[in-house]
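Heads up, the thing below is written out as structure tokens.
The values are calculated or read from the model by the stated rules, or taken from the named source; none is laboratory data. Predicted model, so just to flag it, every value in this text is computed and none were measured. Methodologically, a virtual Cβ is constructed for each residue, glycine included, from the backbone with ideal geometry; neighbour enumeration extends over all protein chains shown. Surface accessibility is based on the protein's heavy atoms, side chains included, excluding ligands, DNA and RNA. Shrake-Rupley method; radii C 1.70, N 1.55, O 1.52, S 1.80 Å.
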Amino acid sequence: MNDVQQYADSLADQLNRSIEIDDCGLRPLALTEQHGDLDDVRVRSILQRHSSPEVFEYAFSLDIAHATGPVRFPPNPALQTLPRVCIPMRAHGELQGYLWLIDSPPLTDSDIAAAAGTASAIAELLHQQSQSTATVLDRETQLVSALLAPPHEGTPPAELGTAPALVDT
């Protein structure tokens, strides 16, 4: 099980609520066991692994992409949604995604504080993962560039000295 899912499951157990963790495009990264109330939007998110264009538009109409703290969503009868709390997950000034909770029955301030703490930890984890991926991709790009560069008087570039040997099978 991945670390994001573990954070989500732990928070769901603590709050006795369902948790959804989405990336910046509102595609689920982690979903927990269902606790409490459920609406059509949550069901579709689980089954289709993304939000509908209408839900996407509604979510971003409340400016979640720029929010620095929890955003309460009122119920939306047209979309058949229950009230929600969205917590933007930011690390090092960069948006990493969103933590969602259904706000029925209403969450307490301490519930929201606990969720915000978990959102912060997940954001840091996602940031570290993206930095690791970027570092690996940068290194691979350097190696490929070195391999494709014209030969330098028969001496391989120094940075290739640490690359794993390619074996011809």
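Some points to look at:
- Scaled radius of gyration (Cα, divided by 2.2 N^0.38 Å) that the range 43-115 gives: 1.11
- Carbon-plus-sulfur accessible fraction, the range 1-139 (probe radius 1.4 Å, protein heavy atoms only): 54%.
- Label point 7 Å beyond Cα of ASN2 along Cβ direction - residues of the range 14-34 with amide nitrogen under 17 Å: 19-33
- Prolate/oblate/rounded call for the range 1-42, Cα gyration tensor, a/c under 1.5 rounded: oblate
- Contour excess over end-to-end distance, with Cα ends at SER120 and LEU148 and 0.36 nm allotted per residue: 5.9 nm
- Simple label model, 7 Å out from Cα along Cβ direction - HIS66 to ALA113, nm: 2.9
- Whether the range 1-126 is rounded, prolate or oblate, judged on the alpha carbon gyration tensor where a/c under 1.5 counts as rounded: rounded
- What separates the Cα centres of the range 61-98 and the range 1-56 is a distance of 13 Å.
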